Amino acid sequence: MRIQLDSSQFRIAAHCLMLSCLYGIAVAQSSQPTAGLVAPSAREPDVFDVVSIKRSTRASWGGWLPRRIQVNPTALYCENCTLLDLIREAYDADTYQVVGVPRWGDGASLGDKEAQDVQAKTAEAVSREKMRSLLRALLADRFKLRLRQETQEMAGYHLVVAKGGLKLRRADSDRILSSEGPGLVRLNLDAIARQASLALRVKVQNLTGIDGEFIWRLFSSPTAIPLPDAGPVNTLAIWDAKLADGGLRLIAAKVPVQVIIVETADHPDFTASR
């Protein structure tokens, strides 16, 4: 059954799909080696050499405060970041994996949200995983963060092939996607499940058993991107419709999730310096 969306929902669908896809691709690419990076030092530091944490003074846009994280071998920059954002970066986690974040740091309500601009630097080049380790030490020091990790069974979805079979086209190695229109990328089904997880904020587990890359469109239409306050949207309905076009479907299920449980956290110390 095809779900009909009105113009407002359709514009919001474009926004949700584009942001979740772009973020999912960025996460996947960030774990790959980057050409030209300086090799990590044999004696890697235990803490950042220079740290600056300031309150963000940037204006919000329609009740939404955009954030930006940039990481290179010697520095981490995070603009408009909440505590939740920093935990996600430090532990390479998705939002649904982090529980117990104080209300002031979870970003759920603009009025209760505290955002920081964080700059942290090392004297020598380090790996991306070491950079995350240094950020974890920073959170423990400046935010007094204490947490534990465990595996829990949580509500989520299984990604499976629909009755009619898979309809996604396989990505030929020599295919030039840009010639077929905007927003086309090569993704495997694990990456598509990750994008759905980011959008739905629950784990989507790929159970298709199908390998290889497929052509995937980042967003459904080049229509204008809506403002974040354009109104509620049924994200699950949007993803059901998009996956159905590719011969896939979601089945509600209990799935194992590696969970990060925040036990204590304080407001950051803006006066400290290093």
Determine whether Asp106 is in contact with a strand residue (DSSP E or B) (Cβ under 8 Å, 6 or more places away or on another chain), at pLDDT below 95 and assigned by TED's automatic domain parsing to the domain that holds Leu76. no
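Conditions (1) small (Gly, Ala, Ser); (2) assigned to a strand (DSSP E or B); (3) over 29 Å from Pro256 (Cα atoms), marked per residue:
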position: Glu114; (1), (2), (3): no, no, yes
position: Gln119; (1), (2), (3): no, yes, yes
position: Val126; (1), (2), (3): no, no, yes
position: Ser133; (1), (2), (3): yes, no, no
position: Ala137; (1), (2), (3): yes, no, no
position: Lys144; (1), (2), (3): no, no, no
position: Leu147; (1), (2), (3): no, yes, no
Looking at Thr223 and the list (1) at pLDDT below 95; (2) surrounded by 14 or more Cβ atoms within 10 Å (Cβ to Cβ); (3) not in a strand (DSSP E or B), which single condition is not satisfied? (2)
Any residue that is at pLDDT 90 or above and surrounded by 18 or more Cβ atoms within 10 Å (Cβ to Cβ) - is there at least one of those in the range 39-52? yes
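The values are calculated or read from the model by the stated rules, or taken from the named source; none is laboratory data. Fair warning: this is a prediction, and the values are worked out from it, not measured in the lab. All Cβ positions, even for glycine, are placed from backbone atoms using ideal geometry, and neighbour counts span all protein chains on display.
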